[in-house]
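Since every read-out is calculated from the coordinates, none of them should be taken as a lab result. Source: prediction; values computed, not measured. Because the Cβ atoms are built from the backbone with ideal geometry, glycine has one as well, and the counts that use them run over all protein chains shown.
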């Protein structure tokens, strides 16, 4: 068996690899020999946002932020949107007053626009996964940093949390393609 020689910058690998390996036994953080790391996963975004809506997240000091996007198939969304419109239309037919009717109609209109955009205009829906990687020399420093970063994220109307028991998968996601 012949080994393939890899064209690696060995000096770069040596300087950037975790010193002391990676310990994954704790469900809140990874022990990377010379520091601790955890991942804050953003799991909900504001209902209304403007252009450059990720700027606040990506500019948080002292962390690494990754944004992964994956194209989803149109068929699933078109069918789900059609079902939602059908359900809302039934609710509209049984609305007790004009205020309820208006509220339901305000939910139907954007769904119809989205359905048309998907079917006719070639619009694509992308799933977005946002991760914020926090590092610190000690566990206490890491915990304080995570609390501070989560507060900053929540002030921007995002919802975020450290997912328990997924530290290694979250760490590997920094280097692997989304999907």
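Expressed as a rounded percentage, what relative contact order does the stretch 74-120 have, with Cα pairs under 8 Å and six or more residues apart? The partial results should precede the final answer.
Working: 21 pairs, mean separation 23.9, N = 47.
Averaging sequence separation for qualifying contacts and normalising by length gives 51 percent for the stretch 74-120.
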### Message
For Cα Rg over 2.2 N^0.38 Å, one of [x] 1.10; [y] 1.54; [z] 1.41 was computed from the structure I shared and the rest are decoys. Which label?
### Response
[z]
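How high is the relative contact order of the stretch 31-179, in percent, counting Cα pairs under 8 Å that sit 6 or more residues apart?
Details: 161 pairs, mean separation 73.0, N = 149.
After rounding, I find 49 percent.
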### Query
For helix 98-120, what angle does its Cα long axis make with the longest principal axis of the chain, in degrees from 0 to 90 and rounded to 10?
60
### Task
Within 10 Å, count the other beta carbons around each residue, average over each peptide in 167-176, 87-96, and list them highest first.
167-176, 87-96
### Task
Round to the nearest 0.05 the FRET efficiency obtained for residue 34 and residue 129 when R0 = 30 Å and r is the Cβ-Cβ distance.
0.60
### Summary
Helix 139-155: inclination vs the chain longest Cα principal axis, degrees, rounded to 10, gives 20
### Message
If I model a spin label as a point 7 Å beyond the Cα along the Cα-Cβ vector, how far apart are those points for residue 68 and residue 22 in nm?
### Response
1.2
